[in-house]
Each structure stands twice: as structure tokens, then as C-alpha cells.
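**Student:** Below is one structure. I have some questions about it.
The values are calculated or read from the model by the stated rules, or taken from the named source; none is laboratory data. The shown structure was predicted, so the numbers you read here are calculated from the model rather than taken from an experiment. Neighbour counts are summed over all protein chains in view; Cβ atoms, including those assigned to glycine, are modelled from backbone coordinates with ideal geometry. Ligands, DNA and RNA are excluded from the accessible area calculation, which covers all protein heavy atoms including side chains. Shrake-Rupley method; radii C 1.70, N 1.55, O 1.52, S 1.80 Å.
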Amino acid sequence: MTSPLAPPPTDFRRPFRRWFAFDVRTGLILLALFGVTRFALVMMANVTRDYGLVSVFFLAMALTPLLLLTRPGRARIGLNWRPRLKGLGLGVLLGAGCCAAMIATAALLFGQGEDNAFVYVARTYSALPDGMSDSLRLIMFAVFALIGMTFSPIGEELFYRGLVHESFVARLGENRAALIDAAAFALVHLAHFGLVWRAAGWALLPWPALWWLCGLFATALAFTWARRASGSILGAVAAHAAFNLMMTAWIFYGLRV
């Protein structure tokens with residue numbers, strides 16, 4: 001007598017199965033919900049210079065896949081705690097290299113004014129005291145680097161290269177899904193730079209914004225490559241963390257905020 005086949009694993013937890021699945025509809029809902037909310041929070045923070053709610057939002061992005069998904073679902077988004085170390089290391093180098101390339105091209109194209117994304121981001125660090133000593137600079141760098149290497153890399157990678165990516169894979173395939181999550185990642189970062197807050201109010205910087213979008217789109221594809229090379233979403237997290245570490249180091253020791 002042949003035993004019945006075991007049912008396929010269910011990716012979403014029971015309370016969420018009636019609303020969510022790994023499909024295009026879920027991907028679009030998640031992008032709209034989190035994208036609009038995150039854009040609004042960052043825009044508000046650019047005015048108030050208080051980014052506390054943004055950090056909380058990154059934490060919510062990280063917790064969302066853990067809340068929604070079963071163990072098979074988490075495995076499907078690449079939450080594998082044994083990444084391939086070679087791929088992980090190459091991802092770190094790639095993430096740092098993407099940031100270095102963006103730093104160099106920003107300086108070449110836009111100089112050291114606020115049309116340079118890194119100069120603009122540096123000036124959002126309003127809590128820093130003036131005339132820091134070398135020891136205080138090192139301490140503040142360590143604090144900002146630690147924050148930059150945890151909140152956004154974990155939250156954004158679990159969300160974009162994990163949950164959102166897999167929502168588009170079944171219908172569109174790996175490569176097209178990567179293009180979609182990279183485009184969404186880049187567009188939401190217009191709130192960080194491109195659409196800027198100045199004394200006269202909001203302003204759109206067309207060419208710097210286009211450069212920023214293209215650079216982050218390419219960087220997001222590099223994060224996807226790091227996930228594949230390492231066999232784990234941790235590869236994307238590590239690459240993203242390396243990008244943020246390089247950016248923070250440049251802000252504190254290259255631009256010397």
C-alpha cells in the first residue's frame with residue numbers, strides 16, 4: 001500500500017496564510033506598506049534631525065520575516081546560519097568596493113558641496129560635537145559604525161533580498177526578482193538623498209539623484225550576488241554592513257565631520 005504524500009511545507013505562519021504567500025501580490029503589498037512608511041519617516045527625520053524612529057523601523061523590517069514565516073519560509077529567504085565563508089568574504093569586499101566607487105565618483109562629479117550625497121548625509125549627523133579630539137572622534141565613529149552595520153543591513157536585507165525577493169521569484173525568476181528588489185531599494189533611498197531638505201525647503205537634485213539611484217541599484221544587485229555566493233542572506237547582510245562601514249569611515253575620517 002502506498003502511503004500518501006506529505007503535504008508541501010507552508011511558508012507563512014497560520015494567522016497570515018489567508019493574506020500572504022510568496023507571490024507578486026504579497027511583494028507589491030509589502031513594498032507599498034514599508035516603502036511609503038519608511039520614506040515618510042526619513043523625510044520627517046531629515047527636518048527634525050531625529051532618526052530614532054527610523055532605527056525602530058529598521059528593527060520592524062528585520063522582525064517582519066521572522067513574524068510572518070515558518071521555519072521552511074525562513075529557509076526559503078536564505079536565513080541559513082552556515083554561510084559559505086568564501087562567498088561571505090567576497091561579499092564584504094564587494095560591499096566595501098561599491099561604497100568606495102560611489103565615494104570616488106561623487107567627489108569627481110559633484111565636488112565637496114551638498115550635491116555630493118556623502119557630504120549631505122554627513123551633515124545629518126547633527127548630534128556630533130564641534131572640534132572633536134581624536135579619541136572622541138574614534139568613539140563616535142565606533143558608535144555610528146555599530147549602528148550603521150546592524151540596524152539597516154539586517155532590516156533591509158531580510159526584507160528586500162529576503163522576503164520581497166522571494167515574493168517575485170516564483171512568477172518572474174531570480175534575475176527579474178533581483179532587478180525589482182534592487183529598484184525598490186534604490187527608490188526608497190531618495191528620501192536619504194536626492195530629495196533634500198535645505199533652509200529654503202525641499203529641493204530635488206536631478207543629476208545627483210540619478211547618480212544616487214544608479215549607484216544604489218548596482219549596489220543592491222551586488223548584495224544579491226553576495227547572498228547567492230554565500231548561500232545565505234547573511235552574505236547580503238555582511239556586504240551591506242561593509243558598505244555602511246566604509247561610508248561611516250569616510251564621513252568621519254575623509255570628510256572629517
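**Student:** Looking at segment 84-96, which of the residues that are within 20 Å of the chain's Cα centre (by Cα), surrounded by fewer than 23 Cβ atoms within 10 Å (Cβ to Cβ) and touching a residue at least 60 places away in the same chain (Cβ under 8 Å) is nearest to Ala222 (Cα to Cα)?
**Tutor:** Among residues in segment 84-96 that are within 20 Å of the chain's Cα centre (by Cα), surrounded by fewer than 23 Cβ atoms within 10 Å (Cβ to Cβ) and touching a residue at least 60 places away in the same chain (Cβ under 8 Å), the one nearest to Ala222 (Cα to Cα) is Leu94.
**Student:** Thr70 passes all but one of (1) at pLDDT 95 or above; (2) within 24 Å of Leu179 (Cα to Cα); which number fails?
**Tutor:** (2)
**Student:** Can you tell me how many residues within segment 203-217 are touching a helix residue (DSSP H, G or I) at 6+ places or on another chain (Cβ under 7 Å) and of a type in the set (A, V, I, L, M)?
**Tutor:** 3
**Student:** Follow-up. Looking at segment 133-156, is at least one residue under 17 Å from Arg38 (Cβ atoms), open to solvent by 20 Å² or more (accessible area, probe 1.4 Å) and in a loop (DSSP other than H, G, I, E, B)?
**Tutor:** No.
**Student:** Now for a separate question. Restrict the check to segment 157-180 and report whether at least one residue is at pLDDT 95 or above, open to solvent by 20 Å² or more (accessible area, probe 1.4 Å) and not in a helix (DSSP H, G or I).
**Tutor:** No; the residues of segment 157-180 include none that is at pLDDT 95 or above, open to solvent by 20 Å² or more (accessible area, probe 1.4 Å) and not in a helix (DSSP H, G or I).
**Student:** Going by the structure shown, is Arg49 exposed (fewer than 13 other Cβ atoms within 10 Å of the Cβ) and of a type in the set (D, E, K, R)?
**Tutor:** yes
**Student:** Right, next: Take the residues in segment 190-249 that are in a helix (DSSP H, G or I) and touching a Pro at 6+ places or on another chain (Cβ under 7 Å); name whichever of them is most open to solvent (accessible area, probe 1.4 Å).
**Tutor:** Leu234
**Student:** Among the residues of segment 3-46 satisfying the criterion of being hydroxyl-bearing (Ser, Thr, Tyr) and open to solvent by 40 Å² or more (accessible area, probe 1.4 Å), which is modelled with the lowest pLDDT?
**Tutor:** Once the filter is applied, the top-ranked residue is Ser3.
**Student:** Can you find a residue in segment 244-252 that is in contact with a helix residue (DSSP H, G or I) (Cβ under 8 Å, 6 or more places away or on another chain), over 14 Å from Phe185 (Cβ atoms), touching a residue at least 60 places away in the same chain (Cβ under 8 Å) and among the aromatic types (Phe, Trp, Tyr)?
**Tutor:** Yes, segment 244-252 has at least one match.
**Student:** Continuing with this model, one more query. Looking at segment 104-125, I want the residues that are touching a residue at least 60 places away in the same chain (Cβ under 8 Å) and have a partner that is acidic (Asp, Glu) and open to solvent by 20 Å² or more (accessible area, probe 1.4 Å) with Cβ atoms under 9 Å, at least 6 apart or on another chain. Which pairs are those?
**Tutor:** Final answer for the pair search is Ala106/Asp115; Leu109/Asp115; Tyr120/Glu114; Arg123/Glu114.
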